[in-house]
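The structure appears below as structure tokens.
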Amino acid sequence: MKRIACVLLVVGLAAAVGSCGQKTKSGDPAPYAAGWTTFETVHFVLMDPPDSPRAGQVTELADACEGVFTQLVSVLKLEVPQRIWIYRFVTNQDCENKTGHSAGYVEGYRILTRIGSPLGGAIALAACSSIDPGHQPNAFIRNGLREAFDQQDRNVHREAATLHASDHWIPLSEFLSSESITDHAAYDVESGSFVAYLIQRHGVDKFKELWRSRLDLKTALQKICGGTIDQIAADWVAHITREANRT
């Protein structure tokens with residue numbers, strides 16, 4: 001399996017795939033999943049509808065999920081107390097109609113997704129529920145964690161460096177009120193880079209402290225990272241420059 005969000009991982013960390021201990025059965029307590037197929041691994045319960053076009057690939061998916069999970073708990077030093085449930089819908093509209101949520105929704109240890117969509121970021125969000133169960137962190141930090149783990153073979157700092165050299169760069173100060181952001185592509189790249197920066201530069205414990213914080217983002221960053229927002233922003237850009245060419 002390829003590495004997920006390589007810049008988040010310690011250099012040289014291999015993508016370890018866990019032993020799945022897999023079995024299949026039917027039935028599930030969620031009303032919309034009645035009659036679905038259940039595929040269990042050590043850390044996941046995968047739910048597929050009867051009309052799933054990729055039912056034959058569930059073993060490969062299970063192995064990939066376990067690989068992401070192994071990396072994630074190693075990098076973020078997490079202890080996830082229960083299995084993560086992944087409900088896979090054939091279309092986004094089907095997910096919306098049956099659950100009232102769009103595909104990609106993550107709540108606690110439950111993931112609603114569309115078959116074929118990336119799962120790394122959703123698994124990261126679900127696993128990080130163990131940091132502070134029931135608490136929703138700041139949207140910029142939450143989106144950044146998802147973005148950093150969502151794609152394979154990406155260097156989010158390289159993408160951020162390219163963006164920084166363009167007219168589309170959004171200053172950190174503007175992310176303090178994410179409701180005002182309209183350039184979603186830049187928002188995704190920069191939030192992923194910033195979360196990677198937080199973990200690499202300030203450490204996992206500081207990231208977890210920020211994740212748990214009930215303070216507004218500006219106050220929390222200044223308290224946890226130290227310095228003003230302008231100083232933190234300058235340090236982030238310097239980090240991007242250093243890390244952009246790493247593989």
Kindly indicate which of Thr91, Thr70 is of a type in the set (S, T, N, Q) and over 23 Å from Val195 (Cα atoms).
Thr91
Options Asp183, Asp188, Asp132; residue that is more than 15 Å from the chain's Cα centre (by Cα), closer than 23 Å to Ile229 by Cβ and not basic (Lys, Arg)
Asp183
From (1) crowded, with 19+ Cβ neighbours inside 10 Å; (2) in the same structural domain as Gly56 (by TED's automatic domain parsing), pick out the condition that doesn't hold for Asp94.
(1)
Can you name the condition, by its number, that Phe69 falls short on among (1) over 19 Å from Phe89 (Cα atoms); (2) modelled with pLDDT under 85?
(2)
Selection count where residues are of a type outside the set (D, E, K, R) and either surrounded by fewer than 18 Cβ atoms within 10 Å (Cβ to Cβ) or touching a Ser or Thr at 6+ places or on another chain (Cβ under 6 Å) (or both), scope segment 71-89
6
Can you pull out the strands (runs of 3 or more DSSP E) entirely within segment 29-144 that have at least 1 residues that are hydroxyl-bearing (Ser, Thr, Tyr) and touching a Cys at 6+ places or on another chain (Cβ under 9 Å)?
84-89, 110-114
From the list Val237, Val189, pick out the single residue that is in contact (Cβ under 8 Å) with a residue 12 or more places away in the chain, part of a helix (DSSP H, G or I) and within 23 Å of Pro118 (Cα to Cα).
Val189
Answer yes or no: is there a residue in segment 213-229 that is closer than 19 Å to Leu145 by Cα, in contact (Cβ under 8 Å) with a residue 24 or more places away in the chain, within 19 Å of the chain's Cα centre (by Cα) and surrounded by fewer than 19 Cβ atoms within 10 Å (Cβ to Cβ).
no
Could you grab the pairs with beta carbons closer than 6 Å, sequence gap of 6+ or different chains, first residue in segment 23-44 and in the same structural domain as Ala122 (by TED's automatic domain parsing) and surrounded by 10 or more Cβ atoms within 10 Å (Cβ to Cβ), second one modelled with pLDDT under 90 and in a helix (DSSP H, G or I)?
Phe39/Val58
Test each condition in (1) under 17 Å from Thr241 (Cα atoms); (2) touching a Ser or Thr at 6+ places or on another chain (Cβ under 8 Å); (3) assigned to a loop (DSSP other than H, G, I, E, B) for Ala160 and report the one that comes out false.
(3)
Residue among Gly108, Gly121, Gly144 that alone is surrounded by fewer than 22 Cβ atoms within 10 Å (Cβ to Cβ) and either outside the structural domain of Leu221 (by TED's automatic domain parsing) or under 13 Å from the mean Cα position of the chain (by Cα) (or both)
Gly108
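The values are calculated or read from the model by the stated rules, or taken from the named source; none is laboratory data. Here the structure is a predicted model, which is why all the values come from computation and not from measurement. When we count neighbours, we look across all protein chains shown, and the Cβ atoms used for this are built from the backbone with ideal geometry, even at glycine.
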